[in-house]
Amino acid sequence: METVGENRCFGGTQGVYRHASGETGTDMQFAVYLPPQARDASVPVLWYLSGLTCTEENFTAKAGAQRYAAEHGLALVAPDTSPRGAGIEGEDDDYDFGSGAGFYVDATESPWSANYRMYSYVTRELPALVGANFAVDMDRQGITGHSMGGHGALTIGLRNPDTYRSVSAFAPICAPSQCPWGEKALGGYLGEDRSAWAGHDATALVEAGARANGTLLIDQGDADQFLERELNPKLFAAACERAGQPLELRMQRGYDHSYYFIASFIGEHVAFHAEALT
């Protein structure tokens, strides 16, 4: 593991690191914020998964989460959203497929299957690396994310309730099997058999019996330009109600899809996870 850079931040350290990933076959960067409490003991860890076109930098530079993580004594880990430079023809052609758009799945379709293994990277390889190199308590993990990353947080949390004690999301893609972004990505990575998509669709997972650990928290702006076409929180809320999965869906008046929205409510999300983890 290589240190790309470290900066003092709210009494802790904001770092960016690089390593050779066995899952993706490429070098991968990720960000870790260690709060001041990590100098004395291992601290809980909150994973943040970013959305389409993003890297680990969007969250660390724009969300303002470090202030709240320092107050509550949580580490923040933000991975990249896809492999970079895998050498696949067309990987950089579209903003919603390929580079910056890994969708947190393990691709099964060629040529993507050799490198686009973001589910295994986020749930297995990177946690093992972080747990071995930083003062974090891997028995106390939460997960959150935005848009495509919100989709990742919901699906990963629903599939792994013994690992993630708390799950939240900002403007997540709630039913990717039923929206253009999701149909393009899941079809391209997993093939045309829609039954293979269900394990990476939060609404389908809840309908099939998957449950998260505790109440899910979702914030969604009602002025989000992608709300009706791509995000579909009402479909997910209806599925949760039918299944008995506790969900707090907060529609935030006047907010859009940007990091201004995330920065406005990230403190409440960090507090939500801190209550579950500490």
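The values are calculated or read from the model by the stated rules, or taken from the named source; none is laboratory data. For clarity, every value in this text was computed on a predicted model and none was experimentally measured. All Cβ positions, glycine included, derive from the backbone under ideal geometry; neighbour counts span all protein chains shown. Just so you know, the surface numbers come from the protein's heavy atoms only, side chains and all, with ligands and any DNA or RNA stripped out. Shrake-Rupley method; radii C 1.70, N 1.55, O 1.52, S 1.80 Å.
Can you tell me which of Leu190, Leu235, Leu247, Leu186 is under 25 Å from Val270 (Cα atoms), at pLDDT 95 or above and of a type in the set (A, V, I, L, M)?
From the options Leu190, Leu235, Leu247, Leu186, the qualifying one is Leu247.
Note down all Cβ pairs under 9 Å where the first residue falls in region 180-208 and is farther than 23 Å from Tyr95 by Cα and free of Cβ contacts under 8 Å to residues at least 40 places away in the same chain, the second is of a type in the set (Lys, Arg) and in a helix (DSSP H, G or I), and they're at least six residues apart or on different chains.
Close Cβ pairs (under 9 Å, with a partner that is of a type in the set (Lys, Arg) and in a helix (DSSP H, G or I)) amount to Glu207/Arg242.
Could you go through region 230-241 and let me know if any residue there is of a type in the set (Lys, Arg) and under 24 Å from Gln141 (Cα atoms).
So far as region 230-241 goes, no, none of its residues is of a type in the set (Lys, Arg) and under 24 Å from Gln141 (Cα atoms).
Of the residues that make up region 49-60, is at least one closer than 18 Å to Leu129 by Cα, surrounded by fewer than 21 Cβ atoms within 10 Å (Cβ to Cβ) and out of contact with any Ser or Thr (no Cβ under 8 Å at 6 or more places or on another chain)?
no
Identify all residues within region 136-167 that are assigned to a loop (DSSP other than H, G, I, E, B) and on the phi < 0 side of the Ramachandran plot; write none if there are none.
Within region 136-167, Asn160, Pro161, Asp162, Thr163 qualify.
If you check Ala239 against the conditions, is it in contact with a His (Cβ under 9 Å, 6 or more places away or on another chain), open to solvent by less than 10 Å² (accessible area, probe 1.4 Å), small (Gly, Ala, Ser) and on the phi < 0 side of the Ramachandran plot?
no
Among the candidates Ile266, Ile218, single out the residue that is modelled with pLDDT of 95 or more, of a type in the set (Val, Ile, Thr) and in contact with a strand residue (DSSP E or B) (Cβ under 6 Å, 6 or more places away or on another chain).
Testing whether each residue is modelled with pLDDT of 95 or more, of a type in the set (Val, Ile, Thr) and in contact with a strand residue (DSSP E or B) (Cβ under 6 Å, 6 or more places away or on another chain) leaves just Ile218.
If you take the residues of region 107-135 that are polar (S, T, N, Q) and in a helix (DSSP H, G or I), which of them is most open to solvent (accessible area, probe 1.4 Å)?
Step by step, filter region 107-135, then rank; the result is Asn133.
Within region 27-48, can you find the residues that are open to solvent by 10 Å² or more (accessible area, probe 1.4 Å) and in contact with a strand residue (DSSP E or B) (Cβ under 9 Å, 6 or more places away or on another chain)?
Asp27, Gln29, Leu34, Pro36, Gln37, Ala38, Arg39, Ala41, Ser42
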